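K.L.:
Below is a structure I'd like to ask you about.
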Amino acid sequence: MTAGAIRHPGEIYLVVRTRSILACVIHWVLFCSVVTLAVTGAYIAWPSYYFGKGEAYATFTMADIRYYHFLAATFMMTSLLVRFYLAFTESCHKDIKQFLPTPRNIKNAVQLAYHFATGRGKHPHYRFVNPLGGLGIFLISASLFIMVCTGFLMYLPAETPGTIWHSWAFSIAHSLGGLQIVRLIHHVVMYVIIALVLIHVYMQIWKNSVYTESDISSIIAGYKLFPLRQIGHFADYYGIKLREKPPSTEEMDSASEPVPAREPPG
Amino acid sequence: MCQLSSGFSPKSSEERVKALAGLDRRDFLSFCSIMAATLGLSPSFIPKIAEAVEKAARRPSVIWLHFAECSGDSEAFIRSSYPSTEELILNILSIDYHETIMAASGEAAEAALQKAMTENKGKYIAVCEGAIPLATPPGPNAKKGDYLTIGGKTGLELAKEVCADAAAVMCVGNCASFGGVQAQRPNPTGAVGIEEAIGKPTLKIPGCPHNPVNSVATIVNFLLLGSFPKTDNLGRPLFAYGKRIHDHCPRRAHFDAGQFVEEFGDEGAKNGWCLYKMGCKGPETYHNCSMVEYNDGTSWPVKAGHGCIGCSEPNFWDNMSPFYGRLPNVILPGVEATADKVGFTLVGAAAVGAAAHGVYTFMNRKKFDPTLKDKEE
């Protein structure tokens, strides 16, 4: 749990593993694929002649961009699927419960939202995902799932009629009101994802700058850094059992030099 | 009995074929090859189709009913020349009752309908054209479905009566298939398609109007194999409604190239580029227009330079409109806005909310975490 303390100018941090490397990689694969999907999707929604100059036999802009759209969709679906699987495994600390909108999570999320909005009340710390963030991730994942479904509904009609995929896609699309409605859902849900991602990124930057929790490094490297002088404060919330009593704030302040880093064992 | 068919009675099937006005063997075979192509059969089926049509022991009896519609499908039907009207009415089908083209009227017409129904009970094909209103009009003595009354009967009663004894019910046109324009919002007459009104599965040949090649090919399929063709989940034959217009569009190359008409009459329109940005609904519409075309393969909307409006899809007046826009509008209680307006509002609200929160928390930053206080001290 505690990977060791590192030295930082003026501050000593406790490094805590919060994510596996795989979970970090998947996050950024998802990010890149969703950005690609949004950009290529924007071209498909509002194609511009600027990219399609020349004779039709020599230009293949729309087809190429649709190809990259489908390619990015494949990456997105795969990483979503792998992440969903990992959420049940030790690799991601069986964190599926942190994302599901259970009554407990919703209650905690409302409390946290109240605190984030007003600054009143106590700030409960969470080692992994906080309930509000978990709810946001749940909404983004659900939106991505809708995008995958509606995307397939628009992709499969080009298959041979009569095949099982074709007839499934057909009956689902028509029970929703036809392909035009599927297209509308696909378009509007993209805006929902953009809005959610905007809030997600804002909240992470905000949290990272207001609280010294280093949320952003936790998604890049998989570690969170906790200032050692507040370790008692955090340890209570994170349920971290400390081997020795951490130095108090007075002790830290009275020390003329920062405490040197502990030598690695062996 | 319809005067058209009773006035002309060739003796044998072969004679029937020969006796056609202006139809020789070559024309007949070319009709058969068109049918084979439409049904997606190999050329080896052409002689079989010819045989099936010629040797049909009995031409299928057809009772053609009109409900709430514009007779556009009948108009399309009688304007086809492969097969020609004469051929259709006299040789391929035995149209025993058709309100638009029969000579009889009034009580004679009613008697003809009753006769056709009793003579071919359980064997005739009921072809329905038009939607059936189910709502009750305001008024003291009004009853359900009174918005459409033919010969003293409501459309619903007539449809139920005729379709009950039919071997099969075939809906031609979008109105009969899915309700058409009169079933769209706000639908004051409560119009629905035939299937919903009579509660019996029907074969649908939607379109506005339908393409007679498809309805005749369906009947040829019936003559050839004794059954109706395989349909999709909505009851449309797969040979005609299995692929989208977009999948076989002659302008598809320009779609893939990214060359689009920006407005009618521009350079792109003159060059025959893709009509996607003009609101063409080809990618959403299952129909074979792009392959068989209308009016004997003369033309069809996209060939003429206008986008597809999706006339073979359910509720196309609601779902496919605006016809010149790519996406339908978002309609929520009390709000009707374009999808982009809704989207920009969503993203804008999120951005404004985040900015407001950022400013507020910066102003009140001491309120937040004890760690922040530590940092400042």
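The values are calculated or read from the model by the stated rules, or taken from the named source; none is laboratory data. If you're wondering where the values come from, they're calculated on a predicted model, not measured in any experiment. Note: ideal-geometry Cβ built from the backbone for every residue, glycine included; neighbour counts use all protein chains shown.
For (1) of a type in the set (D, E, K, R); (2) over 30 Å from the mean Cα position of the chain (by Cα), each residue gets a yes or a no:
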{"residue": "A:Tyr155", "(1), (2)": "no, no"}
{"residue": "A:Glu159", "(1), (2)": "yes, yes"}
{"residue": "A:Trp165", "(1), (2)": "no, yes"}
{"residue": "A:Ser175", "(1), (2)": "no, yes"}
{"residue": "A:Leu184", "(1), (2)": "no, no"}
{"residue": "A:Val189", "(1), (2)": "no, no"}
{"residue": "A:Ile193", "(1), (2)": "no, no"}
{"residue": "A:Ile199", "(1), (2)": "no, no"}
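K.L.:
Right, another one. Hey, any hits in the range B:316-326 for a residue that's at positive phi and touching a residue at least 40 places away in the same chain (Cβ under 8 Å)?
P.N.:
No, the range B:316-326 contains no residue that is at positive phi and touching a residue at least 40 places away in the same chain (Cβ under 8 Å).
K.L.:
Could you please let me know if B:Leu224 is farther than 14 Å from B:Asn288 by Cα and in a loop (DSSP other than H, G, I, E, B)?
P.N.:
no
K.L.:
Another question about this same structure. So, in the range B:326-354, of the ones that are in a loop (DSSP other than H, G, I, E, B) and out of contact with any helix residue (DSSP H, G or I) (no Cβ under 9 Å at 6 or more places or on another chain), which residue ends up nearest to the other protein chains (Cβ to nearest Cβ)?
P.N.:
Checking each candidate, the answer is B:Thr338.
K.L.:
So, in the range B:178-220, of the ones that are of a type in the set (D, E, K, R) and at pLDDT 90 or above, which residue ends up nearest to B:Val62 (Cα to Cα)?
P.N.:
Restricting to residues being of a type in the set (D, E, K, R) and at pLDDT 90 or above, the top hit is B:Lys204.
K.L.:
Just one of (1) more than 10 Å from chain A (Cβ to nearest Cβ); (2) assigned to a loop (DSSP other than H, G, I, E, B) trips up B:Val213, so point out which.
P.N.:
Among (1) more than 10 Å from chain A (Cβ to nearest Cβ); (2) assigned to a loop (DSSP other than H, G, I, E, B), B:Val213 violates only (2).
K.L.:
Do we have A:Met147 as within 20 Å of A:Tyr85 (Cβ to Cβ), of a type in the set (A, V, I, L, M) and assigned to a helix (DSSP H, G or I) here?
P.N.:
Yes: the conditions hold for A:Met147.
K.L.:
Cβ-Cβ below 6 Å, separation at least six or inter-chain, first residue in the range A:52-81 and assigned by TED's automatic domain parsing to the domain that holds A:Tyr155 and hydroxyl-bearing (Ser, Thr, Tyr), second surrounded by 19 or more Cβ atoms within 10 Å (Cβ to Cβ) and not in a helix (DSSP H, G or I): which pairs?
P.N.:
A:Thr59/A:Gly52; A:Thr61/A:Gly52; A:Thr61/B:Gly258
K.L.:
Then there's this: Output the residues belonging to the range B:227-247 that are touching a helix residue (DSSP H, G or I) at 6+ places or on another chain (Cβ under 7 Å) and either assigned to a helix (DSSP H, G or I) or β-branched (Val, Ile, Thr) (or both).
P.N.:
Residues satisfying the conditions are B:Thr231, B:Phe239, B:Ala240, B:Ile245, B:His246, B:Asp247.
K.L.:
Mind checking which residues of the range B:279-308 are surrounded by fewer than 20 Cβ atoms within 10 Å (Cβ to Cβ), within 14 Å of chain A (Cβ to nearest Cβ) and either among the acidic types (Asp, Glu) or part of a loop (DSSP other than H, G, I, E, B) (or both)?
P.N.:
B:Gly279
K.L.:
May I ask you to verify whether B:Pro322 is facing another protein chain (nearest Cβ under 7 Å), out of contact with any strand residue (DSSP E or B) (no Cβ under 7 Å at 6 or more places or on another chain) and either assigned to a loop (DSSP other than H, G, I, E, B) or at pLDDT 95 or above (or both)?
P.N.:
no
K.L.:
Determine whether B:Cys175 is in contact with a Ser or Thr (Cβ under 9 Å, 6 or more places away or on another chain), more than 23 Å from B:Ser105 (Cα to Cα) and either hydrophobic (A, V, I, L, M, F, W, C) or at pLDDT 90 or above (or both).
P.N.:
Spelling it out, it is not the case that B:Cys175 is in contact with a Ser or Thr (Cβ under 9 Å, 6 or more places away or on another chain), more than 23 Å from B:Ser105 (Cα to Cα) and either hydrophobic (A, V, I, L, M, F, W, C) or at pLDDT 90 or above (or both).
K.L.:
Is it true that A:Thr40 is surrounded by 16 or more Cβ atoms within 10 Å (Cβ to Cβ), without any contact (Cβ under 8 Å) to a residue 40 or more places away in the chain, part of a helix (DSSP H, G or I) and more than 14 Å from chain B (Cβ to nearest Cβ)?
P.N.:
The answer is no for A:Thr40.
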